[in-house]
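This report refers to the structure that appears directly beneath it.
The values are calculated or read from the model by the stated rules, or taken from the named source; none is laboratory data. Here the structure is a predicted model, which means the values were calculated and not measured. Reconstructed Cβ throughout: ideal geometry from the backbone, glycine too, with neighbour counts over all protein chains shown. Accessible surface areas use protein heavy atoms only, side chains included; no ligands, DNA or RNA. Shrake-Rupley method; radii C 1.70, N 1.55, O 1.52, S 1.80 Å.
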Amino acid sequence: MKLYKISLALMLGIGTLTSCSDKLELSNPNQPTTGTFGNTIEDLEEAVIACYHHTRMEGTYARVGYTLDCCRGDEVWNVAQSWGHLGADNLNASTIDDVVDMWIWRDWYYVINISNFVITKCDEKEGETTQTLKRIKGQALFTRALAYYNLANYYQNPALILDYKEYSTLDGLYASNWEEEGEPSYEQYDRVMDQVEADFSEAMSLLPSRDEGGEWAKGRYTKGAAAGFYARSLMQRHKYDEALTVLKDIIKGTYGRYELTKNYGDNFREGSAYENNAESLFEVQFLDYGTQGSDDEWTPVNISKNASQGHAVESNYGPENVGSWQDLSAAPWLYHLFLGEKTTEGKLDPRLYWTIGTYEDDWEGFEYGNMCYQEKMTADIPIVTNNVNKGLPIAKWTNFRTGLYNSIIVGLKCGINLRIMRYSDVLLRAAECENEVNGPTQQAIDWINEVRHRAKLADLELADFNTKDKLFEQIANVERPKEFGCETGRGFDLIRWGFFYDSGRMDQLKMHGAYKLAADIKDDIQYGQPGVSSTYTKYEDGHEYFPIYQNYLDNNTNLRGNSANKNTNNSTYFVKKGWTVHPVVDLSKK
């Protein structure tokens, strides 16, 4: 975990400038040190902005920190069959794959460094309990928790560094991710997730609700965002009863008022009319089209005053005909899942329109119509992700359906805020927790139906779900994929559900991950057919997590590799915890 020794000192623009002479010592007022900076509220307010800034770097949410989890899930595949997404997609990345192993780790530790600086400085102001100081610390705690939540669920056993003073010398950077020789990686996973829960919980107590925060809260972390992520963290280790309590409070409005937007598509457009809306608990802020600088900030140390401050998910997701990198495509399984259920009006689910960029008769006269950027689509000439391997183009987090411009400006240029947590997630997670604790129940069904109502789908009936396993199947493999298809988080879900540790679930994942190169994009691809492959056939034990980069292990002898480095099976963890994997249920059977 060697984190660029020099750049850590420079991250907040903090350096030291002292003279070796005993005659005169001068400090540059424009280049503060860690001893002089951060001692005022004004300084800490600036430092908090740096916390937000680094959550939108390439390894956090601006590209691979978002898209690699989508690849790890079963809704997105690497149609280009190349570059760093392939190791994540096939769940077999090597220990020297810098895209998978290095960038996410590197960039989230930059976030942790800044967050630790702010938290440590706030703790030094013991006795001060002003609203401003509470908000400052609450935001830094949220950001640190978010960083470790991502690191733990990407890399399993990251090292915990919590006090900025611990690395006042370089030795403090070489932290350990184990306590006893030979202990399994998941022991450290639990320690990290304990800290994640503690940080999100404390952030809940310090931050205002969105209602209380008013204009200040727009685009910032709030009590509701912390509560939402606290519930996510609890669910990651099957603490469903505790998570249910938190989720119920969010639904009741305890942490601010949230509601579903009337139009599902409003969650995927840019502009003040749509972003930070009533449904959004937390989203990463990017500058709108036409307001950005020209310089892409690919790494945290490449700071430019003219930074574009956009994301590159669009460049990965969009179709080649409008200039994308033609990397990632929607899984055929997801497309046909949408086709399997019409609305009460006999139309396609409107969420398909915003998720996958295909021509459909139903889209004539709907929203922006059958348009790809500013090009009219036709039924006989399909738009594909990759001109060689074809593939279903992903519309979400792109301007495929907005008409904002006629081609992709590749790089960190897309201005659509990435909504990382929406109120629909709260409702579906509450339904899942209710089912785990008490289910199946009418309350769980009601929460699911609230999400379905927006898509104009018929209500589910409790009588059709006579077991907890069956309702879980509906939530996990119907409701969540349709609502959140091609959004980050699916890989996290597959880990907590234990799908990698059950042969039936692995067979199901192989079916979901089935693809055929150069096939008609609307073909019903089935695993086992001639020429059909699946990303999950290449899965190696332990690779539901990404390996820790070998260079980090070489540079820091206090680090140990994780299950992906060692190809070890993690099912022992599930057994030790007393958790079980829900068996596959055929939903077509009454």
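Within the chain, the selection of entire DSSP H helices by a Cα span of 15 Å or greater along the long axis and an average Kyte-Doolittle value of at least -1.0 returns 41-54, 103-124, 131-155, 185-206, 223-236, 240-252, 423-438.
Quick one: of Lys347/Lys390; Lys468/Lys538; Lys347/Lys396; Lys468/Lys577, which pairs are farther than 29 Å apart, Cα to Cα? Pairs exceeding 29 Å: Lys468/Lys538.
What the Cβ-Cβ distance of Asp459 and Thr132 gives, at R0 = 41 Å and to the nearest 0.05, is a FRET efficiency of 0.30.
If you stretched the chain out fully between Thr254 and Trp83, how much longer would it get, using 0.36 nm times the residue separation minus the C-alpha to C-alpha distance? Provide the component values of the computation, followed by the final result.
On the way: separation 171, 0.36 × 171 = 61.56 nm, distance 4.50 nm.
My answer for the length gained is 57.1 nm.
Relative to the 2.2 N^0.38 Å rule of thumb, the chain has a C-alpha radius of gyration ratio of 0.95.
Note on Asn406 and Asp586: their simple-model spin labels are 5.3 nm apart, each label 7 Å out from Cα toward Cβ. In the context of the full protein assembly, Glu461 retains an accessible surface of approximately 100 Å², using a probe radius of 1.4 Å and ignoring ligands and nucleic acids.
Normalised per residue, the accessible area of region 78-175 is 29 Å², obtained with a 1.4 Å probe and no contribution from ligands, DNA or RNA.
Expressed as a whole percent, the accessible surface of the chain that belongs to carbon and sulfur atoms is 48, based on a 1.4 Å probe.
Taking a cut-off of 19 Å, what percent of all Cα-Cα pairs in region 510-590 are separated by more than that? Walk me through the intermediate numbers first.
Working: 2020 of 3240 pairs.
Summing the P(r) of region 510-590 above 19 Å gives 62 percent of all pairs.
Modelled spin-label separation between Asp446 and Lys305, with each label point placed 7 Å from Cα along the Cα-to-Cβ direction: 5.8 nm. Mean residue ellipticity at 222 nm, helices only, the chain: -11500 deg cm²/dmol; runs of at least 4 DSSP H residues each add -39,500 (n - 2.57), and the sum is divided by the number of residues. Convex hull volume per residue, computed on the Cα atoms of region 360-401, equals 80 Å³. Solvent-accessible area per residue in region 458-554 equals 34 Å², computed with a 1.4 angstrom probe and all protein chains kept. Region 442-490 and region 305-331 have Cα centres lying 30 Å from one another. Amide H to amide H distances under 5 Å link Leu281 with Met421, Arg422, Tyr423, where only residues 5 or more positions off or on other chains count and H is placed in the peptide plane. Rolling a 1.4 Å probe over the heavy atoms of the protein chains gives region 242-372 an accessible area of 39 Å² per residue. When each of the peptides 94-104, 70-80, 374-384, 442-452 is scored by the mean number of other C-beta atoms lying within 10 Å of its residues, the order from highest to lowest reads 70-80, 442-452, 94-104, 374-384.
Rolling a 1.4 Å probe over the protein heavy atoms leaves Trp83 with an accessible area of roughly 110 Å².
Straight-line cross-link partners of Lys252 among the lysines, defined as a Cα under 16 Å from its Cα and at least 8 positions apart when in the same chain: Lys223. Look at where the Cα atoms of region 172-194 and of region 547-573 average out, and the two centres are 11 Å apart.
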